């Protein structure tokens with residue numbers, strides 16, 4: 001499996017603590033990393049994670065595509081039409097289900113555009129709930145829209161296992177394989193590839209986290225090196241656009 005550049009996927013501290021940087025303007029060269037199993041998007045500035053948002057992602061039958069993309073369309077007050085029902089166009093306004101902001105980042109061969117947008121169904125955020133687009137809380141979407149610009153890089157990855165360090169202690173978190181891209185053996189190898197140099201004093205928690213896949217942090221030991229291996233990207237080839 002391919003690895004993501006260390007500059008983009010640093011090991012996050014426990015509970016995803018992020019630096020308290022003030023959010024900047026469109027002149028900033030942000031990059032976005034969207035992790036499908038974790039259902040979150042993280043904004044990077046100068047290789048530092050500065051903001052994290054929960055998102056809703058594509059369902060297993062209509063998955064969000066994986067790969068490296070760019071923001072190609074940035075629309076305030078977009079119109080909308082359901083691409084699967086071919087219903088009438090819904091004009092911009094309060095009745096528009098995608099809200100006031102649209103950030104398009106990919107297009108398939110069927111001319112369906114994937115993008116970030118708001119939703120009135122707040123329960124769908126944090127779920128695999130969409131036809132492939134990315135749903136966000138309205139306030140988060142407004143903030144994201146004002147951060148990024150046309151050309152902003154979007155890395156869409158499939159990383160179901162996160163290894164994190166906090167005060168030299170190591171924790172592992174495993175998420176459900178919502179697209180059925182990985183076997184149990186691949187989960188385990190995926191984790192161990194990131195743990196070189198670690199002292200696993202509670203290795204049984206590694207297996208417990210992978211078995212449970214509940215997105216919770218499990219203490220597994222102590223770091224025995226200055227830094228861990230970089231996070232892995234996951235099975236990108238399985239999720240590329242057709």
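The values are calculated or read from the model by the stated rules, or taken from the named source; none is laboratory data. Predicted model, so just to flag it, every value in this text is computed and none were measured. Ideal geometry is used to build each Cβ from the backbone, glycine not excepted, and the neighbour counts take in all protein chains shown.
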Any residue at all in the stretch 63-76 that is modelled with pLDDT of 90 or more, part of a loop (DSSP other than H, G, I, E, B) and out of contact with any helix residue (DSSP H, G or I) (no Cβ under 9 Å at 6 or more places or on another chain)?
-> yes
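Okay, residues lined up against (1) modelled with pLDDT of 95 or more; (2) surrounded by fewer than 22 Cβ atoms within 10 Å (Cβ to Cβ); (3) over 15 Å from the mean Cα position of the chain (by Cα):
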| residue | (1), (2), (3) |
| --- | --- |
| 109 | no, yes, yes |
| 113 | no, yes, yes |
| 121 | no, yes, yes |
| 127 | yes, yes, no |
| 169 | no, yes, yes |
| 172 | no, no, yes |
| 183 | no, yes, yes |
Among (1) out of contact with any helix residue (DSSP H, G or I) (no Cβ under 7 Å at 6 or more places or on another chain); (2) outside the structural domain of residue 35 (by TED's automatic domain parsing); (3) free of Cβ contacts under 8 Å to residues at least 40 places away in the same chain - the single one residue 191 does not satisfy | (1)
Please work out which residue is surrounded by the most Cβ atoms within 10 Å (Cβ to Cβ), limiting yourself to the stretch 30-53 and to residues that are part of a loop (DSSP other than H, G, I, E, B) and in contact with a strand residue (DSSP E or B) (Cβ under 6 Å, 6 or more places away or on another chain).
-> 36
Candidates 92, 160, 97 - the one that is buried (at least 22 other Cβ atoms within 10 Å of the Cβ) and either closer than 20 Å to residue 238 by Cα or not assigned by TED's automatic domain parsing to the domain that holds residue 211 (or both) = 160
